[in-house]
Amino acid sequence: MMTKNDVKIKPGKLFINGRWVDSVSGKTFDTLNPATEDVITSVAEGDSTDIDLAVTAAREAFENGPWEKTDARDRSRILLKIAGLIERNKDELALLDTLDNGKPINETTKADIPLVIDCFLYYAGWADKIHGETIPVRGEFFNYTLREPVGVVGQIIPWNFPLLMAAWKIAPALACGNTIVLKPAEQTPLTALRLGEICHEAGLPDGVLNIVPGYGPTAGAALAGHMDVDKIAFTGSSATGRIIMQAASKNLKRISLELGGKSPNIVFADSDIDSAVDGAMTGIFFNQGEVCCAGSRLFIEKSIHGEFVDKLSNKAASMRVGNPEDTGTQMGAQVSKEQFDKILGYIDTGKQEGAKLVTGGERCGEKGYFIRPTIFDAVDNNMKIAKEEIFGPVVSAITFDDVDEVVRQGNLSVYGLAAAIWTMDIKKAHRLARELKAGTVWINAYNAFDAASPFGGFKQSGFGRELGVHALESYTQIKSVWINLGS
Ligand code: ADP
């Protein structure tokens with residue numbers, strides 16, 4: 001197994017126009033290991049000047065460079081090669097994300113990296129299958145459409161799945177022939193930089209993919225507001241999504257936003273209870289609860305409530321929380337002190353609101369940002385802990401005894417990212433799948449993902465879809481061509 005000492009962490013620079021460069025200001029910032037609170041390395045800090053340089057490189061590569069003119073099948077080959085190089089470097093990439101984010105190595109190895117590879121493979125398959133249509137129109141005309149890339153795309157990603165979020169954004173954008181400036185989250189810049197290097201090694205021409213780490217209000221804001229960026233794709237909090245939407249209005253750039261959630265996970269008495277308990281565990285404790293589609297509102301039917309909460313709290317209390325590099329660890333560290341404090345603040349709020357703390361509710365250990373898996377029972381859907389996104393390992397259990405009422409309560413949220421239903425009643429499952437206002441509905445499952453299946457939100461969870469054929473729509477635009485066949 002690879003250890004920290006085997007990973008060659010390079011002094012982080014910006015990756016612009018196929019080269020490693022310092023930021024123009026010369027500034028750097030530290031990226032920390034949240035499990036130890038130690039500095040891993042320092043990284044060049046991009047700001048608006050560096051974003052300008054990166055956008056200029058991406059524009060040049062788009063207008064005059066080879067990428068859009070590259071044969072679609074050759075674009076596909078490069079994406080395949082990127083997938084192959086990620087596979088070859090998978091241990092290093094998994095460990096880098098574990099060190100930078102604090103998530104267990106077992107998860108980066110078994111969930112993040114395979115999904116990243118799949119994402120590049122899947123979009124490699126699309127690159128040469130993106131085409132227009134011929135349309136029967138009135139009159140002596142031949143009409144057809146071309147599906148063209150949008151142009152220079154800005155991508156701003158969060159810290160919870162650093163490499164996977166980069167893959168979800170980069171792979172479809174490249175398949176469609178766009179050029180990219182990507183800003184990773186300031187907490188977790190390392191794998192995005194390494195991916196830039198891998199893409200270059202795979203033969204991606206200079207300027208097609210530029211990676212500029214930096215802070216949100218400086219580098220991120222400069223990218224979102226840039227007059228020469230054609231589209232911005234963002235994943236992160238709803239608050240920042242709002243700011244980005246405003247900034248994007250300056251030049252009316254296209255936007256897609258994948259934002260927060262407060263997803264209902266609904267367990268009926270007629271479900272396979274043990275599977276549902278496992279699903280509730282994954283729903284809230286996977287990735288330390290730092291998941292936008294986390295099942296943070298757990299609705300439990302009254303008749304099984306006692307049994308369910310007992311089973312769940314026993315499992316939660318025995319979770320192995322600790323060193324993320326240890327293969328036996330089930331839950332690692334929260335990404336930052338800021339996030340850690342915010343979660344502990346919500347735990348205090350839950351106690352003050354009168355929710356019943358069943359297990360957890362405190363930090364774990366003396367060093368590192370570890371929090372025990374936390375279950376609040378007797379939660380009311382109107383409490384703050386049931387309304388606001390906590391983005392941590394804290395679940396709010398709410399009891400119900402009526403199907404229509406639980407759907408109404410489940411939908412009573414400004415968010416609509418995901419929902420899950422646990423039942424053996426096939427009619428009820430399909431009926432509720434229609435009635436729940438969410439971009440993803442899982443039936444007898446939680447956190448199932450595939451590069452081929454669309455992901456995105458209803459309501460204030462955002463708009464636009466990532467993954468699947470749907471992502472191609474947001475990275476292309478349609479041109480209608482008319483040919484006069486008359487005299
Ligand atoms: P969090 O507050 O949990 O870090 P954010 O939504 O603020 O979540 O962060 C997600 C991404 O958005 C990060 O890459 C961050 O740097 C970026 N970001 C934050 N603020 C802004 C902003 N004002 N404009 C553009 N990007 C931003």
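Using only alpha carbon pairs under 8 Å that are at least six residues apart, calculate the relative contact order of region 146-187 and give it in whole percent.
On the way: 51 pairs, mean separation 23.9, N = 42.
For region 146-187, the relative contact order is 57 percent.
If the cut-off is a Cα-Cα distance under 21 Å, which lysines reach Lys311, setting aside same-chain residues fewer than 8 apart in sequence?
Within the straight-line cut-off, Lys311 pairs with Lys302, Lys356.
How much FRET efficiency would the formula 1/(1 + (r/R0)^6) give for Ala72 and Phe142, where r is the Cβ-Cβ distance and R0 is 25 Å, rounded to 0.05?
Details: r = 23 Å, r/R0 = 0.92.
After rounding to 0.05, the efficiency reads 0.60.
Give me the percent relative contact order of region 244-351, please, defined on Cα pairs under 8 angstrom at least 6 residues apart. The partial results should precede the final answer.
On the way: 95 pairs, mean separation 24.7, N = 108.
Taking the mean separation of contacting Cα pairs over the length of region 244-351, I get 23 percent.
Any idea which of Ile40, Pro104, Thr70 is furthest toward the positive side of the dipole for region 36-145, if Lys and Arg beta-carbons carry +1 and Asp and Glu beta-carbons -1?
Farthest towards the positive end: Thr70.
Please state, to two decimals, what the Cα-based radius of gyration of region 356-405 comes to when divided by 2.2 N^0.38 Å (N = residues).
Values: Rg = 13.2 Å, N = 50, 2.2 N^0.38 = 9.7 Å.
This ratio for region 356-405 stands at 1.36.
Set the Förster distance to 30 Å, then compute FRET efficiency between Asn444 and Gln246 from the Cβ-Cβ distance, nearest 0.05.
Working: r = 41 Å, r/R0 = 1.35.
Computed FRET efficiency for Asn444 and Gln246 comes out at 0.15.
Need the C-alpha centroid separation for region 393-415 versus region 313-382, integer Å.
Between the Cα centres of region 393-415 and region 313-382 lies a distance of 21 Å.
Taking H as built 1.01 Å from N, whose amide H comes closer than 5 Å to the amide H of Ser296, not counting residues under 5 places away?
Amide H neighbours of Ser296: Ser263.
Could you give the size of the charge dipole of region 166-235 about its Cα centre, using +1 on the Cβ of each K and R and -1 on the Cβ of each D and E, expressed in debye and rounded to the nearest 20?
Working: 4 positive and 6 negative charges, 40 e Å.
Roughly 200 debye, rounded to the nearest 20.
Separation of region 80-120 and region 15-76 by C-alpha centroid, Å?
So the separation of the two Cα centres works out to 20 Å.
Could you give the angle, 0 to 90 degrees to the nearest 10, between helix 238-248's Cα long axis and the longest principal axis of the Cα atoms of the chain?
20 degrees
If I fit a long axis through the Cα atoms of helix 90-101 and take the longest principal axis of the Cα atoms of the chain, what angle between them do I get, 0 to 90°, rounded to 10?
Roughly 60 degrees between the two axes.
Check cross-link reach from Lys337 to the lysines: straight Cα distance under 20 Å, and skip same-chain residues fewer than eight apart.
Lys103, Lys367
For Cα pairs less than 8 Å apart in space and 6+ apart in sequence, what is the mean separation divided by the residue count of the chain, i.e. the relative contact order in percent?
For the chain, the relative contact order is 18 percent.
Check which residues have an amide H placed less than 5 Å from Thr359's amide H, if you skip close sequence neighbours.
Under 5 Å from the amide H of Thr359: Ile375.
I'd like the per residue volume of the convex hull spanned by the Cα atoms of the chain, given in cubic angstrom.
Working: hull volume 72.6 nm³, N = 487.
Convex hull of Cα atoms, per residue: 149 Å³.
Using the alpha-carbon atoms, what tilt in degrees (0 to 90, nearest 10) does helix 305-317 show relative to the longest principal axis of the chain?
70 degrees
I'd like to know which of Met319, Ile375, Ala167 lies farthest towards the positive end of the charge dipole of the chain, counting +1 on Cβ of Lys and Arg and -1 on Cβ of Asp and Glu.
Ala167
Quick check: pseudo-label points 7 Å beyond the Cα along Cα→Cβ at Ala317 and Asn382, how many nm apart are they?
Modelled inter-label distance: 3.2 nm.
With runs of 4+ DSSP H residues as the only contributors, calculate the mean residue ellipticity of the chain at 222 nm using -39,500 (n - 2.57) per run, divided by the residue total and rounded to the nearest 500.
On the way: 15 runs with 171 residues, N = 487.
Only helices count here, giving -10500 deg cm²/dmol.
Would you mind checking Lys81/Lys231; Lys10/Lys459; Lys384/Lys437 for any pair whose Cα atoms are more than 32 angstrom apart?
Working: Lys81/Lys231 26 Å; Lys10/Lys459 41 Å; Lys384/Lys437 20 Å.
Going by Cα-Cα distance, Lys10/Lys459 fall outside the 32 Å limit.
About the Cα centre of region 194-352, how large is the charge dipole given +1 on each Lys and Arg Cβ and -1 on each Asp and Glu Cβ? Please answer in debye to the nearest 20. Don't skip to the answer; put the middle values down first.
On the way: 15 positive and 19 negative charges, 138 e Å.
In total the dipole reaches around 660 debye.
Which one, Gly26, Ile82, Phe15, is farthest towards the positive end of the dipole of region 11-93 when Lys and Arg carry +1 and Asp and Glu -1 on their Cβ?
Working it through, the farthest residue towards the positive pole turns out to be Ile82.
Which peptide among 387-393, 424-430, 142-148 comes first, and what is the full order, when sorted by highest mean count of other Cβ atoms within 10 Å? If you can, show how the numbers build up before the last one.
Working: 387-393: 22.6, 424-430: 12.6, 142-148: 14.7.
Answer by packing, highest mean first, reads 387-393, 142-148, 424-430.
Computed from the coordinates by the stated procedures, all read-outs in this text should not be read as laboratory data. The model shown is predicted, which means the values in this text are computed figures rather than measured ones. A quick note on method: Cβ atoms are made from the backbone with ideal geometry, for glycine too, and the neighbour counts reach across all protein chains shown.
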